[in-house]
1. Can you name the residue in segment 139-163 that is at pLDDT 95 or above and part of a loop (DSSP other than H, G, I, E, B) and is also nearest to Thr209 (Cα to Cα) among such residues?
2. Condition first: under 17 Å from Asp76 (Cα atoms) and either surrounded by 18 or more Cβ atoms within 10 Å (Cβ to Cβ) or acidic (Asp, Glu) (or both). Now tell me which residues in segment 290-307 satisfy that.
3. Please pick out the residue among Val138, Val172, Val192, Val143 that is of a type in the set (A, V, I, L, M), under 18 Å from Ser243 (Cβ atoms) and either out of contact with any Ser or Thr (no Cβ under 7 Å at 6 or more places or on another chain) or surrounded by 16 or more Cβ atoms within 10 Å (Cβ to Cβ) (or both).
4. It is to be established whether one or more residues within segment 215-237 are among the charged types (D, E, K, R), without any contact (Cβ under 8 Å) to a residue 12 or more places away in the chain and outside any loop (DSSP other than H, G, I, E, B).
5. Here is a list: Arg106, Arg118, Arg129. Which entry is farther than 25 Å from Glu294 by Cα, exposed (fewer than 14 other Cβ atoms within 10 Å of the Cβ) and in contact with a helix residue (DSSP H, G or I) (Cβ under 9 Å, 6 or more places away or on another chain)?
6. Can you find, within segment 35-48, the residue that is surrounded by the most Cβ atoms within 10 Å (Cβ to Cβ) among those that are modelled with pLDDT of 95 or more and hydrophobic (A, V, I, L, M, F, W, C)?
7. Using beta carbons and a limit of 7 Å, which pairs, at least six apart or on different chains, have the first residue in segment 126-137 and at pLDDT 95 or above and the second one of a type in the set (S, T, N, Q)?
8. I want to confirm something. Restricting to segment 255-277 and keeping residues that are among the polar types (S, T, N, Q) and under 20 Å from Asp232 (Cα atoms), which single residue is surrounded by the fewest Cβ atoms within 10 Å (Cβ to Cβ)?
Amino acid sequence: MRILFYVPGESDGGWRAALAAALPQAEVRAWQPGDDAPADYAVVWHPPAAMFAGRTGLKGVFSLGAGVDGMLDLFDLLPPDLPLVRTEDAGMGTLMAEYALHAVTRHFRRFDELEVSRAAARWAPLRARERKDFAVGVMGLGVLGSRITDAFLHFGFPVRGWSRAAKALPGVDCHAGPDGLPAFLDGLSALVCVLPLTSETRGILCRATLSQLAQGAYLVNVARGGHLVEPDLLALLAEGQLSGATLDVFSEEPLPASHPFWGEPRITITPHCAAHTPRDAAVSQIAGKILALEQGMSVSGVVDRQNGY
């Protein structure tokens, strides 16, 4: 069994060695430009087009993350029946839920405002918000989004969810599709985006959608920077429609030092660290799926290319 491996950068963080240890019967080699030797599987993160141009014989391509938007432009280079498999949770759900819960509860408990008072050496108690009146919406109800809704339900928040196709989650007021979006957004106090990035969801966090939230609502984006129309966020903050945002992802990363987000104190910025892919759990998952494919079995996590996730 021959496995091609690729991650950008000079170091792979031990991923290739871990994969080789999990599949000792396999030859795992790092792809280099010009390598057109046969391979059975590819395990990659944001691979270049040259890696797949003219390549035949692959039985499956595995993404080292839950998102495959970095490969959307490569779909035409891959046979339509070739399985493209994303990493499923592997511990990322808990990390995403921690991040989203922290960002929203920090705002709900008004700790962001208290930090401003602290900086001014001002003792200024604030009136507590009513939890029952603070509805939280989660866009994207896959494995990660479902874990996030569970976290907010555990702490007693009213929770709504929105997804492309209809879903039913216990305790969650679920909405689906373009027709369900207005009812989902209407009057939300906080919005968390964990959607996959597709042609349909690009720019979905814009003036038209964010203006439907409650006055002074809070935004959290842990999905992809392409979901957010950045000038619209700045304008809505200036107008008071939104009171703040926590952003982990951006259209350009690293976020340039000249970007206006750095100068907006109501935007909390983190460097795309809301959740990482736990290496050992992910490698174990990928190795198990490769062995299953070798035995002619089906595997979960196969990307629907038409939907883009």
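1. Gly140
2. So in segment 290-307, the residues under 17 Å from Asp76 (Cα atoms) come out as 302-307.
Hits for segment 290-307 are Val303, Asp304.
3. On the way: Val138 fails: under 18 Å from Ser243 (Cβ atoms); Val172 fails: under 18 Å from Ser243 (Cβ atoms); Val143 fails: under 18 Å from Ser243 (Cβ atoms).
Step by step, each of Val138, Val172, Val192, Val143 is checked, and only Val192 is of a type in the set (A, V, I, L, M), under 18 Å from Ser243 (Cβ atoms) and either out of contact with any Ser or Thr (no Cβ under 7 Å at 6 or more places or on another chain) or surrounded by 16 or more Cβ atoms within 10 Å (Cβ to Cβ) (or both).
4. Quick first cut of segment 215-237, residues among the charged types (D, E, K, R) only: 224, 230, 232.
If we keep only those that are without any contact (Cβ under 8 Å) to a residue 12 or more places away in the chain too, we end up with none.
No, segment 215-237 has no match at all.
5. On the way: Arg106 fails: exposed (fewer than 14 other Cβ atoms within 10 Å of the Cβ); Arg118 fails: in contact with a helix residue (DSSP H, G or I) (Cβ under 9 Å, 6 or more places away or on another chain).
Being farther than 25 Å from Glu294 by Cα, exposed (fewer than 14 other Cβ atoms within 10 Å of the Cβ) and in contact with a helix residue (DSSP H, G or I) (Cβ under 9 Å, 6 or more places away or on another chain) holds for just one of Arg106, Arg118, Arg129, which is Arg129.
6. Among them, the one singled out is Val43.
7. Phe134/Ser189; Ala135/Ser189; Val136/Ser189
8. Step one: filter segment 255-277 for residues among the polar types (S, T, N, Q), giving 258, 268, 270, 277.
Filter once more, keeping what is under 20 Å from Asp232 (Cα atoms): 258, 268, 270.
On the way: Ser258: 7, Thr268: 17, Thr270: 13.
The extreme case among them is Ser258.
The values are calculated or read from the model by the stated rules, or taken from the named source; none is laboratory data. Remember, predicted model here, so these are calculated numbers, not experimental data. We place every Cβ from the backbone using ideal geometry, glycine too, and count neighbours over all the protein chains shown.
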